[in-house]
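Single-structure report; data block below.
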Amino acid sequence: MNSKNPILAFFSSVKLALFTLFLLAVTSIIGTVIPQKESFQWYAQNYSETTANIFQVLSIPDMYNSWWFLGLLTLLSVNLIICSINRFPTVWRQITADNLATALSRLEKMNLSRNWASTIAQTTLAGQLSQSLAAKGWKTKQREHDNVLLLFAQKGAMTRTGVYIVHASILMIFLGAIIGELYGFKGSVMLPETKSTNKIYAFNTQESIPLGFEVRCDHFGIDFYDSGMPKAYRSHLTVLEKGQIVLEKQIVVNDPLTYKGITFYQSSYQSYDDFLLTVTDQQTGARETVAVPFQKPQDLTAHSAKIGIVNAQAKGQAVSSMKVWFDDEQGPPSIFWLDADTQVTVERQDKKYTVTGKQMYATGLQIAKDPGVWVVYLGCTMMILGLFIAFFMSHRRIWLILDNRGDTTTVLMTGSANKNKNGFEKTFTILAEQLAAQTGKEDKQ
């Protein structure tokens with residue numbers, strides 16, 4: 001078909017596939033070396049204004065979405081589709097071929113062959129050989145050819161489709177990427193403790209993206225090395241829909257929260273000069289948490305009181321202790337030091353309060369939605385399967401010609417494999433020796 005149609009011949013060419021893959025590899029290296037989606041000023045500052053203008057013309061700052069890169073992917077996809085459509089019918093005919101119709105003269109000329117003679121009658125011998133082969137995983141079929149009985153068995157016929165599974169996997173990965181690009185998003189948000197949000201902001205454009213639900217940061221914790229450098233940090237997130245809690249999880253780096261296909265990753269944090277103080281009435285259990293700016297008292301409406309931070313001590317980058325001022329108008333205000341993430345009991349005239357406090361932080365979240373990721377995973381799985389089949393499995397076939405000559409039945413066993421011929425030759429030799437030992441005597445010549 002290709003020889004009659006030069007257009008199909010071009011698009012189904014292996015040379016075109018190799019050339020396209022080479023260009024994709026080279027351009028992907030460029031896209032990795034040159035940072036993507038930066039501003040024109042950034043490229044002008046780091047590469048010169050002339051180079052920045054060339055980058056803009058060639059869409060280098062957004063290379064993977066450029067018309068020419070998408071064109072290369074489209075060309076590769078068309079090549080794979082046409083190549084598969086053009087070649088697969090021939091392969092399918094090989095898979096479904098009637099191997100019992102193979103000419104005996106052709107079988108007798110095969111390089112890989114063994115023969116032996118048996119005193120067992122032809123029909124009985126055919127049954128014994130079929131049973132022995134079945135025990136070794138070779139399911140046989142048989143047919144008569146001019147008083148000669150032909151047996152056939154094969155393994156791995158479908159392994160001829162390995163390369164087409166690889167082709168399909170590449171197209172599947174492309175499809176998953178397209179779905180993710182069209183229906184997914186990536187963004188970020190800096191979410192202070194005790195606050196919630198129902199939207200995030202897209203990378204680079206900073207366009208707001210609605211989530212369809214709320215996410216709240218209930219608590220942010222951070223550990224430091226003795227040097228004061230951050231060691232690990234974590235956020236306790238709560239997902240709310242219509243004011244109702246539907247999911248809670250503490251996330252750390254590499255252990256995100258996922259809800260409705262949207263994943264929240266712990267990526268950074270930001271410290272504030274404000275403090276979070278929690279006051280609990282030990283008698284009634286009434287509990288209230290307030291954000292308190294440094295040296296600015298805040299009302300505690302649940303306790304009819306005020307609370308503030310009048311001083312603080314830091315260790316490295318974090319506040320280690322704070323001096324708290326508390327007044328419920330039941331005598332002079334109470335002033336005391338409170339270590340971070342510990343509690344202090346404050347005794348007033350007729351009440352006791354438990355006070356805990358910490359420096360206030362905002363958790364930096366990266367958010368991603370990629371509905372095509374499972375399609376990509378499926379494509380990767382298919383590719384591994386296809387490559388394994390293509391490189392490590394083969395279509396192996398054996399024929400046995402049983403010729404009845406008086407009191408003797410001669411057996412000619414032949415075989416072929418489309419790949420790993422040396423390995424199949426060893427398997428074939430062992431199998432022939434075993435069958436000859438069971439049913440007759442092998443002719444060493």
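The set of residues from the stretch 403-422 being more than 13 Å from Gly156 (Cβ to Cβ), within 58 Å of the chain's Cα centre (by Cα) and part of a strand (DSSP E or B) comprises Asp403, Thr410, Val411, Leu412, Met413, Thr414. Against the test of being part of a helix (DSSP H, G or I) and assigned by TED's automatic domain parsing to the domain that holds Gln142, the options Leu107, Leu70, Leu76 yield a single qualifying residue, Leu107.
Residue under question is Arg93, and the condition is that it be among the basic types (Lys, Arg), out of contact with any strand residue (DSSP E or B) (no Cβ under 8 Å at 6 or more places or on another chain) and either touching a residue at least 24 places away in the same chain (Cβ under 8 Å) or within 30 Å of Asn204 (Cβ to Cβ) (or both); does it hold? No, not satisfied.
Of all residues in the stretch 381-413, those satisfying the criterion of being over 29 Å from Lys426 (Cα atoms) and either exposed (fewer than 14 other Cβ atoms within 10 Å of the Cβ) or at pLDDT below 95 (or both) are Thr381, Arg405, Gly406, Asp407. For first residues located in the stretch 98-119 and closer than 16 Å to Ile398 by Cβ, partners that are of a type outside the set (A, V, I, L, M) and at pLDDT below 90 and lie 6+ apart or on another chain with Cβ distances below 7 Å form the pairs Leu104/His145; Arg114/Glu442; Asn115/Asp443; Trp116/Gly440; Trp116/Lys441; Trp116/Glu442; Trp116/Asp443. Within the stretch 33-50, can you find the residues that are surrounded by fewer than 13 Cβ atoms within 10 Å (Cβ to Cβ) and either basic (Lys, Arg) or assigned to a helix (DSSP H, G or I) (or both)? Answer for the stretch 33-50, where residues must be surrounded by fewer than 13 Cβ atoms within 10 Å (Cβ to Cβ) and either basic (Lys, Arg) or assigned to a helix (DSSP H, G or I) (or both): Val33, Gln41, Gln45, Asn46, Glu49, Thr50. Take the stretch 31-79 and flag every residue that is of a type in the set (Val, Ile, Thr) and more than 28 Å from the chain's Cα centre (by Cα). Residues satisfying the conditions are Thr50, Thr51, Ile54, Val57. Just one of (1) assigned to a strand (DSSP E or B); (2) surrounded by 13 or more Cβ atoms within 10 Å (Cβ to Cβ); (3) of a type in the set (D, E, K, R) fails for Glu144. It is (2).
Inclusion of Arg348 among residues that are among the charged types (D, E, K, R), more than 49 Å from the chain's Cα centre (by Cα) and assigned by TED's automatic domain parsing to the domain that holds Ala232 is warranted.
Filtered by the rule that a residue be over 25 Å from the mean Cα position of the chain (by Cα), over 15 Å from Leu240 (Cβ atoms) and assigned to a loop (DSSP other than H, G, I, E, B), the stretch 184-203 gives a lone residue, Glu193.
Among the residues here, Ala177 does not qualify as within 30 Å of Phe391 (Cα to Cα), touching a residue at least 60 places away in the same chain (Cβ under 8 Å) and either acidic (Asp, Glu) or part of a strand (DSSP E or B) (or both). For the stretch 112-133, residues that are farther than 12 Å from Ala437 by Cα and more than 57 Å from the chain's Cα centre (by Cα) total 3.
The residues on offer are Ile200, Ile245, and the sole one that is outside the structural domain of Lys37 (by TED's automatic domain parsing) and crowded, with 18+ Cβ neighbours inside 10 Å is Ile200.
Counting only residues that are within 48 Å of the chain's Cα centre (by Cα) and over 18 Å from Glu193 (Cα atoms), how many does the stretch 286-316 have? Result for the stretch 286-316: 6.
In this structure, does Ser48 turn out to be on the phi > 0 side of the Ramachandran plot and without any contact (Cβ under 8 Å) to a residue 40 or more places away in the chain? Yes; evaluated as a whole, the condition is true for this residue. Kindly indicate the residue of the stretch 1-32 that is small (Gly, Ala, Ser) and outside any helix (DSSP H, G or I) and also modelled with the highest pLDDT among those meeting that condition. The residue in question is Ser13. Before we move on, is Val239 in contact with a Phe, Trp or Tyr (Cβ under 6 Å, 6 or more places away or on another chain), modelled with pLDDT of 95 or more and not basic (Lys, Arg)? Against the criterion (in contact with a Phe, Trp or Tyr (Cβ under 6 Å, 6 or more places away or on another chain), modelled with pLDDT of 95 or more and not basic (Lys, Arg)), Val239 qualifies. Residues that are under 29 Å from Lys419 (Cβ atoms), in contact with a strand residue (DSSP E or B) (Cβ under 8 Å, 6 or more places away or on another chain) and outside the structural domain of Ile29 (by TED's automatic domain parsing) occur in the stretch 117-129; there is at least one.
So for the stretch 216-237 (the condition being among the small types (Gly, Ala, Ser) and more than 23 Å from Lys315 (Cα to Cα)), does at least one residue qualify? Looking for residues that are among the small types (Gly, Ala, Ser) and more than 23 Å from Lys315 (Cα to Cα), one finds none in the stretch 216-237, hence no. Touching a residue at least 40 places away in the same chain (Cβ under 8 Å), under 51 Å from the mean Cα position of the chain (by Cα) and within 30 Å of Met110 (Cβ to Cβ): is that true of Ile367 in this structure? No.
The values are calculated or read from the model by the stated rules, or taken from the named source; none is laboratory data. These numbers come from a predicted model, not from an experiment. Glycine gets a Cβ as well: all are built from the backbone with ideal geometry, and neighbour counts include every protein chain shown.
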